[in-house]
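> Dumping the structure here so I can ask a few things about it.
The values are calculated or read from the model by the stated rules, or taken from the named source; none is laboratory data. Predicted model only: the values in this text are computed from it and were never measured. Cβ sites come from the backbone with ideal geometry, for glycine too, and all protein chains shown count toward neighbours. The area values use the complete protein model at the heavy-atom level, side chains included, leaving out ligands, DNA and RNA. Shrake-Rupley method; radii C 1.70, N 1.55, O 1.52, S 1.80 Å.
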Amino acid sequence: MKTVLILNGPNLNLLGTREPQVYGAHTLADVQALCQQACAPHGFALDFRQSNHEGELVDWIHEAGRAQAAGTLAGVILNAGAYTHTSIALHDAIKGAGVTVIELHISNVFAREAFRHHSYISPVARAVMCGLGVAGYPLAVAALAQLQAGASQ
Ligand code: DQA
């Protein structure tokens, strides 16, 4: 059984109370439950994490690279929050670890402030999803399953 690692960056622990007009009313625990449901039919185990610390996210991406190389990880779904727009360290970590990453955002970042239009993650991501609300998370799990199926053909 392969694992899907879902990493959430800064302030995503505040989901449910943080700007609900932008991010909706679901909490991060609700999102985790949605992802758990989405993983089951694909036979994926779920590893769901959140950190407000850039270096911790970097460490987790390195760990993911090792797990993917060992064949135990399907890939990473990464909502890097505001680090998306600032973090060369996360860009380098994904590139260096050689891990499959789907970049995900709850909101449509391109319909928001100009500073959200640039992503350091996108050039090193396998795919980018945004604007689907928290429903994007289970869709990203399905996308990883599709990529896995393609890889094993
Ligand atoms: C976000 C969008 C980012 O611009 C923002 O800083 C976040 C959340 C999203 O999920 O829509 O923290 O990644």
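> Given the conditions (1) modelled with pLDDT under 95; (2) open to solvent by less than 40 Å² (accessible area, probe 1.4 Å), which single one is not true for THR17?
(2)
> Only one of these is in contact with a Cys (Cβ under 8 Å, 6 or more places away or on another chain) and within 16 Å of the ligand (Cβ to nearest atom): ASN11, ASN108. Name it. Write out each step before concluding.
On the way: ASN11 fails: in contact with a Cys (Cβ under 8 Å, 6 or more places away or on another chain).
The unique qualifying residue is ASN108.
> For a quick check of your reading of the model, give me the residue pairs whose first member lies in segment 75-88 and is more than 9 Å from the ligand (Cβ to nearest atom) and open to solvent by 10 Å² or more (accessible area, probe 1.4 Å), whose second is of a type in the set (Ser, Thr, Tyr) and not in a strand (DSSP E or B), with beta-carbon atoms closer than 8 Å and at least 6 apart or on different chains.
THR86/TYR120; ILE88/TYR120
> Suppose the filter is within 15 Å of TYR137 (Cβ to Cβ) and hydrophobic (A, V, I, L, M, F, W, C); does VAL22 pass it?
Criteria not met by VAL22.
> Right, next: Just checking, how many residues over segment 89-111 are without any contact (Cβ under 8 Å) to a residue 60 or more places away in the chain and farther than 18 Å from GLY75 by Cα?
Final tally of qualifying residues: 5.
> Given the structure, is ARG49 at pLDDT 95 or above, among the charged types (D, E, K, R) and away from the ligand (no atom under 16 Å from the Cβ)? Give the steps one after another, and end with the answer.
Details: at pLDDT 95 or above: yes; among the charged types (D, E, K, R): yes; away from the ligand (no atom under 16 Å from the Cβ): no.
No, not satisfied.
> Here is a follow-up. Determine if segment 23-31 includes at least one residue that is farther than 21 Å from LEU147 by Cα, within 13 Å of the ligand (Cβ to nearest atom), open to solvent by 50 Å² or more (accessible area, probe 1.4 Å) and not aromatic (Phe, Trp, Tyr).
yes
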